Amino acid sequence: MTFEHIAAKVAARERLTEDDALFLFEYPDLIAIGELAAAANERKNGRRVFFNVNRHINHTNICVNRCNFCAFSKTAEEDGAYCLDMEEIRNRAVEAASQGATEIHIVGGLHPDLPFDFYLEMLSTVRDASPKLHIKAFTAVEIEYLARLSSLSISGTLEKLKEAGLGSLPGGGAEILRKAVRDRLCPEKISGEEWLGVMKEVHHAGLKSNATMLYGHVETYSDRVDHLRRLRDLQDETGGFQVFIPLAFQKENNPLGHLKNPLSGGVDDLKTLAVSRLYLDNFDNIKAYWVMLGEKIAQTSLCFGVNDLDGTVVEEKIGHDAGASSPQTMTKENIVDMIRKAGRIPIERDTLYNELRMY
Ligand code: V47
Ligand code: SF4
C-alpha cells in the first residue's frame, strides 16, 4: 500500500478500508493527509463552516460510575458535588434564549436518587422557557440508565423523553468502543455494543444523534480504526448520525492522567480529524470541539477536513474539570472571526444542521 494509492481512491470517491485508515494514522506526512481530507471536505461542504449558538447545562456531577478518565463526577458526599434545581435550570435556559441561543445541550452524571420524573420535568422546563430552544440531551449511556430507572424499554423511554421536549442526542459516552480498551477506561459503563444498540433505537425513533470518540489515552491506532468502522457501519444502516466529534483526552484530576501516551498533541489532533473525514465517508460533518482542542488547533483543523466548530457553550465543566485550558465560552463574533481568518465562510446552523445565517 502507498499513500498515492489511497489518494487515488479518495479522488475516485472509493471507500477506504480499515487498513487504509491504519496506514494513514501511521503515515508521517501530516500535511499530505490534511490536504487530502481538506479536498474531500470541500467536495461535500465547499468552504462553508458551521457553528451554533448554544449553552451547555450539566444538571448534576453526581454519578454512580467512576470512569477512569473522568474528572467531573463525584459521589454525593464529596466536596463540590451538586445537583441543579428546576429554578436554576430554567434560569440558564431563559438566559440562553435571551442571548440568541438556539440549542441547550444537557448531559450529566448517573445520579443514584433522582426519579425519572426529574428528567421529564427538566426537559419540559427548558421547553417552556423558550420555544426557540432545541433540546439536545442525554448520552446513550444516560438513556440506558433512564430506561432502567423508569422500567421502560429504550424505545418507551425515548418516547416519554420526546413528549417532554427531547429533540436529539449528543454523541458522548462512546469513548473507545472496543472492549479491551473500554475495560480499562470505564469498566462500569455500558459496553460498546450496548452504546451502538441504544443509538440504533434512537435513530429508529426518528431522532438524530451525534457520535464521539475519546482519544489520546491508552488506545492504539487500531482501536481508533475499529471505533470508526463500527460508527460507519451503523451509519450505513440508519443514517442517523449528524456529525462525528473526536474528543481529545484532558489529563488533569483523573486516574489516567499520568500516562505518557505518544498518541496525543497537536499533530495527532489534526491527523485524527483528517483521517476521520477520509474514512467516515457517510458522515456529512466532522466537528472540532474547541473546548478540548484549544482555539488554535480547532481553527487550524479547518484546513484539515473539519467543517464544524461546535458553539458558544457558555459554561463547560467536563473538559475544564480535567484541565482544559480553553475559555469557558466563546462569543459568536469570536467564532465568526476564527472561521473567516481561516479563509472559510461562517454559517450559523441549528442543531439539525439547517442553515440559519451566513456571515
Ligand atoms: O462522554 C470525559 C468526554 C464527553 C474527559 O454531541 C472527556 O455535539 C476529554 O460528548 N477528557 C462529553 N473528554 C462531551 C461530549 C460532547 C461535547 C461537545 C459536543 C457534543 C455533541 C458532545 O466528554 C463524555 C466523555 O467522552 N470526557 N472526560 C476528559 N478527561
Ligand atoms: Fe459518570 Fe459520565 Fe463521568 Fe463516566 S464519564 S464517571 S458516566 S459522568
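The values are calculated or read from the model by the stated rules, or taken from the named source; none is laboratory data. Fair warning: this is a prediction, and the values are worked out from it, not measured in the lab. Here Cβ is always computed from backbone atoms with ideal geometry, including for glycine, and neighbour counts include all displayed protein chains. Protein only, heavy atoms only, side chains kept; ligands, DNA and RNA dropped before computing areas. Shrake-Rupley method; radii C 1.70, N 1.55, O 1.52, S 1.80 Å.
Against the list (1) crowded, with 18+ Cβ neighbours inside 10 Å; (2) without any contact (Cβ under 8 Å) to a residue 24 or more places away in the chain, the condition MET122 fails is (2). Under the condition of being at pLDDT 95 or above and surrounded by fewer than 19 Cβ atoms within 10 Å (Cβ to Cβ), which residue from region 126-148 is farthest from GLN235 (Cα to Cα)? In this case the residue turns out to be ASP128. Figure legend. Inter-residue proximity from region 163-175: first residues in contact (Cβ under 8 Å) with a residue 40 or more places away in the chain, second residues of a type in the set (Asp, Glu), beta-carbon distance below 8 Å, spacing 6+ or different chains. Indicated pairs: ALA164/GLU121.
Quick one: which of PHE50, PHE25 is more than 16 Å from ligand 2 (Cβ to nearest atom), touching a strand residue (DSSP E or B) at 6+ places or on another chain (Cβ under 9 Å) and in contact (Cβ under 8 Å) with a residue 12 or more places away in the chain? Of PHE50, PHE25, the one residue that is more than 16 Å from ligand 2 (Cβ to nearest atom), touching a strand residue (DSSP E or B) at 6+ places or on another chain (Cβ under 9 Å) and in contact (Cβ under 8 Å) with a residue 12 or more places away in the chain is PHE50.
Within region 142-261, considering only strands (runs of 3 or more DSSP E) that don't extend past its boundaries, which have at least 1 residues that are closer than 22 Å to ARG15 by Cβ? Spell out how you get there, then give the answer.
Working: elements: 166-168, 209-215, 241-248.
Ranges flagged: 209-215, 241-248.
LYS208 falls short on exactly one of the conditions (1) within 16 Å of ligand 2 (Cβ to nearest atom); (2) touching a Phe, Trp or Tyr at 6+ places or on another chain (Cβ under 9 Å), and that condition is (1). Of the residues examined, ILE106 is one that is closer than 19 Å to CYS70 by Cβ, at pLDDT 95 or above, within 16 Å of ligand 1 (Cβ to nearest atom) and of a type in the set (A, V, I, L, M, F, W, C).
From the list LYS162, LYS189, which residue is farther than 21 Å from ASP269 by Cα, among the basic types (Lys, Arg) and crowded, with 18+ Cβ neighbours inside 10 Å?
Numbers: LYS162 fails: crowded, with 18+ Cβ neighbours inside 10 Å.
Going through LYS162, LYS189 in turn, the sole match is LYS189.
Scanning region 140-168 for residues that are of a type in the set (S, T, N, Q) and touching a strand residue (DSSP E or B) at 6+ places or on another chain (Cβ under 7 Å) yields a single hit, SER168.
Which residue is nearest to PHE138 (Cα to Cα), if the candidates are limited to region 1-22 and must be of a type in the set (Val, Ile, Thr) and free of Cβ contacts under 8 Å to residues at least 24 places away in the same chain? Explain how you work it out, then say what you get.
First pass over region 1-22, keeping only residues of a type in the set (Val, Ile, Thr): 2, 6, 10, 17.
So of that shortlist, the ones also free of Cβ contacts under 8 Å to residues at least 24 places away in the same chain come out as 2, 17.
Working: THR2: 42, THR17: 32 Å.
So, considering only residues that are of a type in the set (Val, Ile, Thr) and free of Cβ contacts under 8 Å to residues at least 24 places away in the same chain, the one nearest to PHE138 (Cα to Cα) is THR17.
Can you name the residue in region 303-350 that is under 17 Å from the mean Cα position of the chain (by Cα), more than 13 Å from ligand 1 (Cβ to nearest atom) and at pLDDT 95 or above and is also surrounded by the most Cβ atoms within 10 Å (Cβ to Cβ) among such residues? Looking at residues that are under 17 Å from the mean Cα position of the chain (by Cα), more than 13 Å from ligand 1 (Cβ to nearest atom) and at pLDDT 95 or above, I get VAL306.
Collect the residues in region 233-271 that are touching a His at 6+ places or on another chain (Cβ under 6 Å) and open to solvent by 30 Å² or more (accessible area, probe 1.4 Å), keeping them in residue-number order. Selection gives THR238 alone.
Of the residues ALA101, ALA93, which single one is among the hydrophobic types (A, V, I, L, M, F, W, C), in contact (Cβ under 8 Å) with a residue 60 or more places away in the chain and either more than 16 Å from ligand 2 (Cβ to nearest atom) or closer than 24 Å to SER150 by Cβ (or both)?
On the way: ALA93 fails: in contact (Cβ under 8 Å) with a residue 60 or more places away in the chain.
On inspection, the qualifying residue turns out to be ALA101.
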